[in-house]
Amino acid sequence: MKQSRFFIPTLRETPKDAQIVSHRILLKGGYIKQVAAGIYDYLPLAYKIIKKIENIVREEINKTESVEVLMPALQPKDLWVESLRWEQYGKELMRLEDRNERPFCLGPTHEEVVTDLVRDYVNSYKKLPIGLYQIQNKFRDEFRPRFGLMRGREFLMFDLYTFHKDEDDLDVWYKRVREAYKRILNRLELDYRIIGADSGNIGGKASEEFMVLCDIGEDTIVYSDSSSFALNQEICDLKEGDPSPDGKGIIKHAKGIEVGHIFKLGTRYSELMKANFIDQDQKTKPIIMGCYGIGISRLLMAILEQHSNDEKPVWPKEVTPFDIHIIPLGDNLDQGLEIYEKLSKNYDCLIDDRDERAGVKFQDADLVGVRYRIVVGRKADEGIYEFQDLKQGIKKELKLSEIEKELKKWKDLLIQIFM
Ligand code: ATP
Ligand code: MG
C-alpha cells in the first residue's frame, strides 16, 4: 500500500480532551474520528486492525462449532415487551419509531431476536445444541460515553448465543467458549484475568468477565495472590490484605478493562418468550441458553493500552496493520519502490511515498506502529538500508538479502505458533 493513498489523517497536536494513551494515539494517528459523543468513524488503519481482530475471533469461535449469522440492528418493540426488557432496560435503549409510529429499538444486544429465531426452528431435542454468533454494531445510549472506543454509544461487538437441552450440555459448550476466549486473548498478546461477575441487565445464573489488566480500567478486580480466586469488586467487599475466602493467600486489587463476558443464561428468555422443545421423554421444556460477548472495538484500545511505549504503538504481530513499513528519504523513492515491489510478494508492505521531510515521515511512522521498518537513506546507493525492529529497539545497517532473512525468521515463528 502506498501511504499517499491510504488516508491516514494524523494530527500534529495531541488532542487535549483525550485522557488515556490509547485514545490519544487513535486520534493523533488518524485511526478514528469522532462524529458525535460516543460515535466514531473507523479510518483505514483502525479498520484494517479491527478486521484482523474479528478474524481471530471467527477462527477461534468456529472451533466451538458455532456458526456466523447476521441479525438486524433494528428490532421491533414487541420482542422486547415479551422479555420484559422494554421496561427494564431503561434509558440505555435507543428507541425510535417508523413512519407508521410503530416502535423499534436499535439493538444493544440480541437475546430477544435470537430467541425468536430459534424458537421458530427448534421443536425437538434432536435439533439441539445450536450456537449462533455475529459481529455487528451495537447501540447503547451510555450515561457517560468516554475514553473513545472504550465506552461508545455505537460500538462493534461479537455476540454468541447457544441453545441446549439441559444444563450439562450448556456446561460443555460454556467451557469450550471459555477456552476459545483464552486463545483469542493470547493471540492478541493481552495480559488478562478471568473473574466471577455480576450478570447485570442480562439476567441469568453464572457469569465470568475477561479483564485486561490496565491502570485506567473502570473495574476493580479483587484477586488472591496465590490462587485463581478472582471477583469483580461490584459483588464482594474484600480489602487489600484480607485473607482470601478460598483459604489460599491474601487479597490484592488491580484495575481492569472488561473485554469479554460469558453467561449461563438458563431459561431467563426461553420461558418468557416460550422457546420450548420436546425432550426425549416427550415432555415440553424451555430451551437452556448461554450468551457470550466480546467488545471488538474496545479491544482495539485495550491492545493499545498494553502495547504502546511513550505514546507510540507497537502492534502485536497478529494484528499489525502492515508487516513492514518502508520509508524512503530524500531522493530515494525509486529505490524504495523497488524494495516495495520485491517484498510485497511475501509481505504486506506500507511505503511512505509522500513528498515529506524525514522528520514528518518518522513522526507519522511512529504512530502507525509497524514493528519492522526499512529506512532507505544515505547508504541506499551502496545497497545498504537501516532495518529497525521497534519491539526490540534494534537498528541495524543491512543489505536487502539480510533483511529478508530477519523477516523470514519472524514469519516462520508466526506460522509455527498459529498453524
Ligand atoms: P460494561 O460494564 O463495560 O458497561 P457490559 O457488562 O454492559 O459492559 P456486555 O453487555 O457484557 O457489557 O457486552 C459485552 C462486551 O461488549 C463487554 O464485555 C465489552 O467489552 C463490550 N462493551 C459493552 N459496552 C460497551 C460500550 N459502550 N462501548 C464499547 N464496548 C462495550
Ligand atoms: Mg454496560
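Values in this text are rule-based calculations from the coordinates and carry no lab data. Computed from a prediction, not measured in an experiment: that's the story for all the values here. All Cβ positions, glycine included, derive from the backbone under ideal geometry; neighbour counts span all protein chains shown.
Data overview
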quantity: Across K252/K411; K51/K126; K255/K395; K342/K395; K63/K345; K63/K255, pairs whose alpha-carbon gap is larger than 28 Å; calculated: K252/K411; K51/K126; K255/K395; K63/K345; K63/K255
quantity: Separation of the Q233 and D120 label points, Cα + 7 Å toward Cβ, nm; calculated: 4.6 nm
quantity: Length released on extending from E341 to R178, taking residue separation times 0.36 nm less the Cα-Cα span; calculated: 54.4 nm
quantity: Cα gyration tensor shape for segment 27-137, rounded if a/c is under 1.5, else prolate or oblate; calculated: oblate
quantity: Proxy reagent accessibility, fewest Cβ within 10 Å first, across Y181, Y89, Y161; calculated: Y89, Y181, Y161
quantity: Cα-based helix-to-principal-axis angle, 44-62 vs the chain, degrees rounded to 10; calculated: 50 degrees
quantity: Relative packing of peptides 266-276, 212-222, 145-155 - highest average C-beta neighbours within 10 Å first; calculated: 145-155, 266-276, 212-222
quantity: GNM top mover of R357, R178, R58 - the chain, alpha-carbon springs below 10 Å; calculated: R357
quantity: FRET efficiency, K409 to I278 (Cβ-Cβ, R0 60 Å, nearest 0.05); calculated: 0.55
quantity: Order of F163, F139, F229, F7 - criterion: other Cβ atoms within 10 Å of each residue's Cβ, fewest first; calculated: F7, F229, F139, F163
quantity: Packing-based ranking, highest mean first, of 241-247, 280-286, 297-303 given that Cβ atoms within 10 Å are counted; calculated: 297-303, 241-247, 280-286
quantity: Three-way shape label, segment 341-419, alpha-carbon gyration tensor, a/c 1.5; calculated: prolate
quantity: Of every Cα-Cα pair in the chain, the percent that sits beyond 26 Å; calculated: 61 percent
quantity: Tensor-based shape of segment 157-250 (alpha-carbon gyration tensor, a/c under 1.5 rounded, otherwise prolate or oblate); calculated: prolate
quantity: Taking D352, D310 and counting other C-beta atoms within 10 Å, the order from fewest to most; calculated: D310, D352
